[in-house]
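Beneath this line is the structure, given in structure tokens, with notes to follow.
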Amino acid sequence: MQVVCVQLNPVWEDKLASQARVRELLAAESIAPGSLIVLPEMFDTGFSMNLEVTAQHSDRASETFLKEMARMTASTIIGGVVGPVIDGLASNEAVVFAADGTEVARYVKRRPFSRSGEDRCHRRGDRAVVFDWNGIQVSPFVCYDLRFPELFREAIDSGAELLLVIACWPAIRSEHWVRLLQARAIENLAIAIGVNRCGSEPNLPFDGRSCGFNEQGHLTFEANGEEQVFKLDVDVDSLRRWRDSFPALRDR
């Protein structure tokens with residue numbers, strides 16, 4: 001079972017241009033039907049707090065695009081979008097669509113990044129989400145959530161095996177990104193995959209480093225700072241054997 005990680009350089013506050021780039025990247029790849037395609041946080045605008053640009057309207061055009069990509073690739077897709085504005089606040093979401101375009105899951109970022117003022121634009125989510133992908137239990141998270149291990153424990157208690165973090169994580173703290181992903185894998189006896197953006201926003205560079213760790217914390221891939229698509233085969237049987245033989249989750 002294959003996870004397709006799309007490390008994207010979104011065009012700042014330009015949804016149509018960013019979507020065109022995603023289409024181009026995916027069209028250039030041979031993607032096995034039934035794969036799980038992962039796009040970064042706020043994939044078609046970058047990490048902007050300009051709700052006039054980022055927030056979807058009632059037509060939910062960003063999600064319509066994701067559904068189209070799911071159908072085109074015959075795969076499940078997850079991407080970061082901003083929900084409509086309600087009572088002055090929107091929501092930073094990871095939304096999942098199946099190969100036929102039906103919605104599978106919707107996760108709202110639980111820890112808005114207050115240092116950037118995100119907490120004044122996006123309301124907090126209030127729960128973990130776990131969905132089934134080809135028999136694997138997957139839980140999505142968004143960027144700053146990664147710094148809060150208790151959120152991941154909640155997902156594990158709901159059956160999560162594969163932890164997915166989509167992000168706009170800046171280069172200045174990229175070592176934190178990699179090490180925290182590794183820690184989430186080790187402490188939860190889980191597969192952890194992080195898909196970051198690359199390129200730059202106004203005054204802020206991103207060095208990518210999308211990466212994955214297996215259930216024992218061993219690195220399975222790490223991207224460089226360039227825009228790219230990386231395919232990763234997921235071995236959930238190895239994870240289940242490790243959980244059966246090593247008692248850390250049971251011993252809590």
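The values are calculated or read from the model by the stated rules, or taken from the named source; none is laboratory data. Just so we're clear, the structure is a prediction, and the values are computed from it rather than from any experiment. Don't worry about glycine lacking a Cβ; one is built from the backbone with ideal geometry, like all the others, and counts go over all protein chains shown. Heavy atoms of the whole protein, side chains included, go into the accessibility calculation; ligands, DNA and RNA do not. Shrake-Rupley method; radii C 1.70, N 1.55, O 1.52, S 1.80 Å.
Quick one: 3J(HN,Hα) in Hz for segment 24-32, Karplus 6.51/-1.76/1.60 with θ = phi - 60°, rounded, Gly and Pro as x.
Those phi angles translate into 5, 5, 6, 5, 7, 9, 8, 10, 5 Hz.
Quick one: what does P(r) look like for segment 88-221 with 5 Å bins over all Cα pairs, in whole %?
Reading upward from the zero bin: 2, 11, 19, 23, 21, 15, 8, 2, 0.
How large is the dipole of segment 76-146 about the Cα centre if only Lys and Arg carry +1 and Asp and Glu carry -1, each at its Cβ, rounded to the nearest 20 debye?
Approximately 340 debye in magnitude.
Enter the accessible area per residue of segment 174-244 (Å², integer; probe 1.4 Å; all protein chains in place).
About 42 Å² of surface per residue is accessible.
Please work out the ratio of the alpha-carbon Rg of segment 21-77 to 2.2 N^0.38 Å and round it to two decimals.
It is 1.23.
Please work out the C-alpha center-to-center distance from segment 109-125 to segment 29-99 and express it in whole Å.
Answer, in whole Å: 18.
Short version: ³J(HN,Hα) in whole Hz for each residue of segment 172-177, in order, from phi by Karplus 6.51 cos²θ - 1.76 cosθ + 1.60 (θ = phi - 60°), x for Gly and Pro, what are they?
For segment 172-177, the Karplus curve yields 4, 10, 5, 5, 4, 3 Hz.
Taking all protein chains as present, what is the carbon and sulfur share of the accessible area of segment 110-229, in % to the nearest whole number, probe 1.4 Å?
That fraction is 45 percent.
For F221, enumerate residues with amide H under 5 Å from its amide H, sequence gap 5+ or separate chain, H modeled in the peptide plane.
Close amide H contacts, sequence-distant or interchain: G212.
List the GluC sites (Glu not before Pro) within segment 1-68 that DSSP assigns to loop and that have no more than 10 neighbouring Cβ atoms inside 10 Å.
Of the GluC sites (Glu not before Pro), not one in the loops of segment 1-68 has a Cβ with at most 10 other Cβ atoms within 10 Å.
Segment 84-183: which chymotrypsin sites (Phe, Trp or Tyr not before Pro) are DSSP loop and have at most 14 other beta-carbon atoms within 10 angstrom?
none
Using a probe radius of 1.4 Å on heavy atoms only, what accessible surface per residue do you get for segment 64-172? Whole Å² is fine.
On a per-residue basis, 37 Å².
Residues with amide H under 5 Å of A105's amide H, sequence separation 5 or more or different chain, H placed in the peptide plane at 1.01 Å from N; which?
Sorted by chain and number, the residues that satisfy this are V96.
Averaging over all projection directions, find the projected area of the Cα convex hull of segment 145-252 and quote it in nm² with one decimal place.
The directionally averaged projection comes out at 6.8 nm².
Applying the Karplus parametrisation 6.51 cos²θ - 1.76 cosθ + 1.60 with θ = phi - 60° to the phi angles of segment 55-65, what ³J(HN,Hα) value in whole Hz is obtained for each residue in order, glycine and proline being reported as x?
5, 6, 9, 4, 7, 6, 5, 5, 6, 4, 4
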